[in-house]
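Before any comments, here is the structure.
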């Protein structure tokens, strides 16, 4: 692969699995130095070794982005140890599905803390660095659920609609500073997300949907979309990327 991101530093949240892990590998293959943030330190260390064994450079930082001090520390340590920050991929997220009636509100709180507040904390810490450098990329992972609401996903929809709205408003604030903002909206991806929900209705519904779609997306499919957005010439800003499996109707 052409080293189109040579000299760039990318920070990725939720890097211990799924889309975050695939993105870290792909950006490293494209020449970026990657900073890996997540709570599962053992997985981060294994991923960093994998990237380094392939000739890349990676820094693993155990981080809980729901804690503002840790989110800020992740960003600031990335800049301090790797010299700069060009790309932030706000990927960390949880999907706890189920009806509103009878819901465990702790699950709502968890989704808001990770999907919204964690993203905000990391972005808030990264923006001054990027503006001082003269530009950068903020990539926010939303979902098809940020465009289309569905029964049983109300609070998850709530968090992902917020990501889309925040991203567009942020784009308008920082575009003059040459900071590009991209929202990535995946459809059905084979990741750990589908297994997060504890409600008994959800697992059968997910399996039924998967069967109806046929071949669903892989994490690498989303990583390619992220790489496409951040590797454009400086005057080109890819603001929104919707990626569905070909067989997914909605």
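Since every read-out is calculated from the coordinates, none of them should be taken as a lab result. As the structure is a computational prediction, the values presented were derived from the model and not from experiment. Reconstructed Cβ throughout: ideal geometry from the backbone, glycine too, with neighbour counts over all protein chains shown.
Here is a yes/no grid of residues against (1) without any contact (Cβ under 8 Å) to a residue 60 or more places away in the chain; (2) crowded, with 23+ Cβ neighbours inside 10 Å; (3) assigned to a helix (DSSP H, G or I); (4) under 16 Å from the mean Cα position of the chain (by Cα):
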residue	(1), (2), (3), (4)
139	no, yes, no, yes
158	yes, no, yes, no
166	yes, no, yes, yes
182	yes, yes, no, yes
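Restricting to region 29-45, what's the tally of residues that are closer than 25 Å to residue 188 by Cα, touching a strand residue (DSSP E or B) at 6+ places or on another chain (Cβ under 7 Å) and part of a helix (DSSP H, G or I)? So the answer is 1. Contact map, region 42-60: first residue in contact (Cβ under 8 Å) with a residue 12 or more places away in the chain and on the phi > 0 side of the Ramachandran plot, second residue surrounded by 23 or more Cβ atoms within 10 Å (Cβ to Cβ) and not in a helix (DSSP H, G or I), Cβ cut-off under 9 Å, separation 6 or more or different chains; the map is empty.
Surrounded by 14 or more Cβ atoms within 10 Å (Cβ to Cβ), in a loop (DSSP other than H, G, I, E, B) and in contact with a strand residue (DSSP E or B) (Cβ under 8 Å, 6 or more places away or on another chain): which single residue out of 48, 15 fits that description? I'd like the intermediate steps shown before the answer.
Working: 48 fails: in a loop (DSSP other than H, G, I, E, B).
Step by step, each of 48, 15 is checked, and only 15 is surrounded by 14 or more Cβ atoms within 10 Å (Cβ to Cβ), in a loop (DSSP other than H, G, I, E, B) and in contact with a strand residue (DSSP E or B) (Cβ under 8 Å, 6 or more places away or on another chain).
Given the condition under 25 Å from residue 187 (Cβ atoms) and crowded, with 24+ Cβ neighbours inside 10 Å, answer yes or no: does some residue in region 66-86 qualify? There is no residue in region 66-86 that is under 25 Å from residue 187 (Cβ atoms) and crowded, with 24+ Cβ neighbours inside 10 Å. Looking only at region 199-220, decide whether some residue is surrounded by 14 or more Cβ atoms within 10 Å (Cβ to Cβ), touching a strand residue (DSSP E or B) at 6+ places or on another chain (Cβ under 9 Å) and over 29 Å from residue 33 (Cα atoms). Within region 199-220, one or more residues are surrounded by 14 or more Cβ atoms within 10 Å (Cβ to Cβ), touching a strand residue (DSSP E or B) at 6+ places or on another chain (Cβ under 9 Å) and over 29 Å from residue 33 (Cα atoms). Filtered by the rule that a residue be out of contact with any strand residue (DSSP E or B) (no Cβ under 6 Å at 6 or more places or on another chain) and either surrounded by 15 or more Cβ atoms within 10 Å (Cβ to Cβ) or without any contact (Cβ under 8 Å) to a residue 24 or more places away in the chain (or both), region 87-102 gives 93, 94, 95, 96, 97, 98, 101, 102.
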